[in-house]
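The values are calculated or read from the model by the stated rules, or taken from the named source; none is laboratory data. It should be emphasised that the depicted structure is a prediction, and the values quoted were computed from it without experimental measurement. Using ideal geometry, Cβ is built from the backbone for each residue, glycine included, and neighbour counts are taken over all protein chains shown. To get the accessible areas, we keep the full protein, side chains included, count just its heavy atoms, and leave off ligands, DNA and RNA. Shrake-Rupley method; radii C 1.70, N 1.55, O 1.52, S 1.80 Å.
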Amino acid sequence: MRKQIAAANWKMNLSKNEADSLLDQLVASELNLSENQSAIFAVPAIYIPLAIQKLAGKQQMFVAAQNCHQKANGAYTGEIAASMYASVGVNHIVLGHSERREFFAESDSLLAEKTEAVLAIGSTPIFCCGEPLSIREAGTQNSFVEAQLKNALFQLSADQIIKVVIAYEPIWAIGTGKTATSAQAQEIHAYIRSVFASKYGQTVADQISILYGGSVKAANAKEIFSQPDVDGGLVGGASLIATEFTAIINALKS
Ligand code: 13P
């Protein structure tokens, strides 16, 4: 059974006091995470020590980074290496979010390097893909996303690819209040799985968790997560509200 994951992406939000209070509320919530479920919190890097301290001892709850540098170390002022995150207990790293692709010009080839850097130290990349509105309107989303996956991930071995979590996030649904319907999500998630199956075989593809992101909230999480190829969500806005994100965690399939 592949992992079911509710991942919070706080992006560049919250003051230290707000982060503190949100983490306290989350820790105090009634969460029933089973062994194949996890809740992951991609917080701004500066709040990682705080989040680690608050979540200490919590089963199946992990702190993640929102990005990392592709090199192991060196003269890269302002950057943070995957191994540095690992050294403070952060073993999940979001890569290739559409905001990083758009605002920081991250290309598929750079993301291939970053993915390899994260895997090389034994951490888990949460690799984002997804199409803009123009591509969805043209009906070419499958080939667009397939190219993102092929260009950044197909150099990996089967042993490596099963360690990658995929997050499909249609850009037109991010922060817009518009979600893909559960049928649209299922259709492209199944397509993504078939892309991996054609390269690595069905058994490998069946082990890859594929998360949906884009205006997931408490009110729609259960319906979206109930789809057979949707293994949870990557959540922005609703992850900043404890009651919302708690309900999203509790909407995961068991
Ligand atoms: P929203 O949930 O705010 O639409 O953001 C989705 C997202 O970008 C998560 O990475």
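Estimated from the Cβ-Cβ distance and a Förster radius of 22 angstrom, the FRET efficiency linking SER15 and PHE104 is about 0.40. Mean residue ellipticity, 222 nm, helices only, the chain: the sum of -39500 (n - 2.57) across DSSP H runs of n ≥ 4, divided by residue count and rounded to 500, is -12000 deg cm²/dmol. Computed over protein heavy atoms with a 1.4 Å probe, the carbon and sulfur contribution to the accessible area of the chain reaches 53%.
Residues whose amide H lies under 5 Å from that of GLY213, counting only those 5 or more places away or on a different chain, are TYR168, GLU169, LEU234; hydrogens are built 1.01 Å from N in the peptide plane. The phi torsions of the stretch 237-254, fed into the Karplus equation with coefficients 6.51, -1.76 and 1.60 and a -60° offset, translate into couplings of x, 6, 7, 8, 10, 4, 5, 5, 5, 4, 5, 5, 4, 6, 8, 4, 5, 8 Hz, rounded to whole numbers, with Gly and Pro shown as x.
Near the amide H of HIS92, within less than 5 Å, lie the amide hydrogens of ALA65, THR124, all on another chain or at least 5 residues away, with H placed in the peptide plane. Ligands, DNA and RNA are left out, and with a 1.4 angstrom probe the accessible area of the stretch 1-100 is 48 Å² per residue.
Considering only SER87, SER226, SER109, the Gaussian network model of the chain with Cα springs below 10 Å gives its largest mean-square fluctuation to SER87.
Identify which of LYS114, LYS178, LYS217 has the largest mean-square fluctuation in a Gaussian network model of the chain, with springs joining Cα atoms closer than 10 Å. Highest fluctuation among the options: LYS178.
Where in the stretch 1-33 does the amide nitrogen come within less than 19 Å of the point 7 Å from the Cα of GLN59, taken along Cα to Cβ? Once the point is set 7 Å along Cα→Cβ of GLN59, 1-6, 26-33 turn out to lie under 19 Å by backbone N, inside the stretch 1-33. Of interest is the spacing of the C-alpha centroids, which for the stretch 147-162 and the stretch 82-124 amounts to 14 Å. Around the amide H of ALA8, modelled in the peptide plane, lie the amide H atoms of ILE40, PHE41, ALA42, VAL235, all under 5 Å away and 5 or more residues distant in sequence or on another chain. With the convex hull of the Cα atoms taken as the outline of the stretch 66-196, the averaged projected area works out to 8.5 nm². Round to a whole angstrom and tell me the spacing of the C-alpha centers of the stretch 186-253 and the stretch 9-71. Computed from Cα coordinates, the inter-centre distance equals 19 Å.
For the stretch 99-106, backbone phi angles converted through the Karplus equation (6.51, -1.76, 1.60; θ = phi - 60°) give residue-by-residue couplings of 5, 6, 5, 7, 8, 10, 6, 6 Hz, Gly and Pro being listed as x.
At full extension, ASN142 and THR203 could sit 19.8 nm farther apart than now, given 0.36 nm per residue minus the alpha carbon distance.
When the Gaussian network model of the chain links Cα atoms closer than 10 Å, the mean-square fluctuations of PHE144, PHE104, PHE225 top out at PHE104.
Residues of the stretch 1-36 falling in the label zone of ALA45, defined by backbone nitrogen less than 19 Å from a point 7 Å along Cα to beta-carbon, are 9-16. For the stretch 1-152, the normalised intensity computed at q = 0.20 Å⁻¹ comes to -1.30 (log10 of I(q)/I(0), Debye sum over alpha carbons, equal scatterers, no solvent). Taking GluC sites (Glu not before Pro) as exposed when their DSSP state is a loop state and no more than 15 other Cβ atoms lie within 10 Å, the longest site-free interval of the chain runs over 80-254.
A straight chain from SER254 to THR181 at 0.36 nm per residue would run longer than the Cα-Cα distance by 24.1 nm.
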